[in-house]
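Novice: Take a look at this one; I'll ask things after.
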Amino acid sequence: MDTEEKKIFEMLKGVVDPELMVNIIDMGLVYGVTYDSLSKQIDVALTLTSPGCPMGGIIIEDAQQTVGSNYPDFEVNINLVWEPVWSVEKLTEKGKAELGYS
């Protein structure tokens, strides 16, 4: 992961699941970030806790706005992926603590 991709991961910590109040990085919802300075494109691979997640649209929009506002000259794509399926094992230690798993 390059420096810009690390910066984007850090930015995405500001995107919070409004139902659980945990950021999407600690939730384990972001599977990857690709930054291409030549094509001026950023791709974020993102999943949700379930296909019927009621906050999915809000999370995707917040992620898009967060990255897009920091990279206004770039095309930002939030790609929703379902494989691998999200599970509580994807939570970081911080995310587990915030949700009461230990």
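Novice: Would you mind putting 54-63, 74-83 in packing order, based on average other-beta-carbon counts within 10 Å, highest first?
Specialist: With the highest mean Cβ count within 10 Å placed first, the list reads 54-63, 74-83.
Novice: Eight or more residues apart or on different chains, and alpha-carbon atoms under 17 Å: count the Lys pairs in the chain matching that.
Specialist: Values: LYS6/LYS40; LYS7/LYS40; LYS13/LYS90; LYS13/LYS94; LYS13/LYS96.
Total qualifying Lys-Lys pairs in the chain comes to 5.
Novice: Using only the alpha-carbon atoms, how far is helix 56-70 inclined from the longest principal axis of the chain? Give it as 0 to 90 degrees, nearest 10.
Specialist: 40
Novice: Please report, in debye to the nearest 20, how large the charge dipole of segment 1-84 is about its Cα centre when each Lys and Arg carries +1 at its beta carbon and each Asp and Glu carries -1 there. Let's see the in-between values first.
Specialist: On the way: 4 positive and 14 negative charges, 17 e Å.
That gives segment 1-84 a dipole magnitude of about 80 debye.
Novice: Explain nothing, just the number: relative contact order of the chain, from Cα pairs under 8 Å at least 6 residues apart, as a whole percent. Let's see the in-between values first.
Specialist: On the way: 137 pairs, mean separation 31.6, N = 102.
Relative contact order here is 31 percent.
Novice: Related question: Write down, largest first, the equivalent ellipsoid semi-axes of the chain in whole Å, where each equals the square root of 5 times an eigenvalue of the alpha-carbon gyration tensor.
Specialist: Details: eigenvalues 108, 38, 31 Å².
In descending order, the three semi-axes are 23, 14, 12 Å.
Each reported figure results from applying straightforward, stated rules to the coordinates on display, with no laboratory input. Every value quoted in this text rests on a predicted model; they were computed, and no experiment measured them. For neighbour counting, all protein chains shown are included, and Cβ atoms are generated from backbone atoms with ideal geometry for every residue, glycine included.
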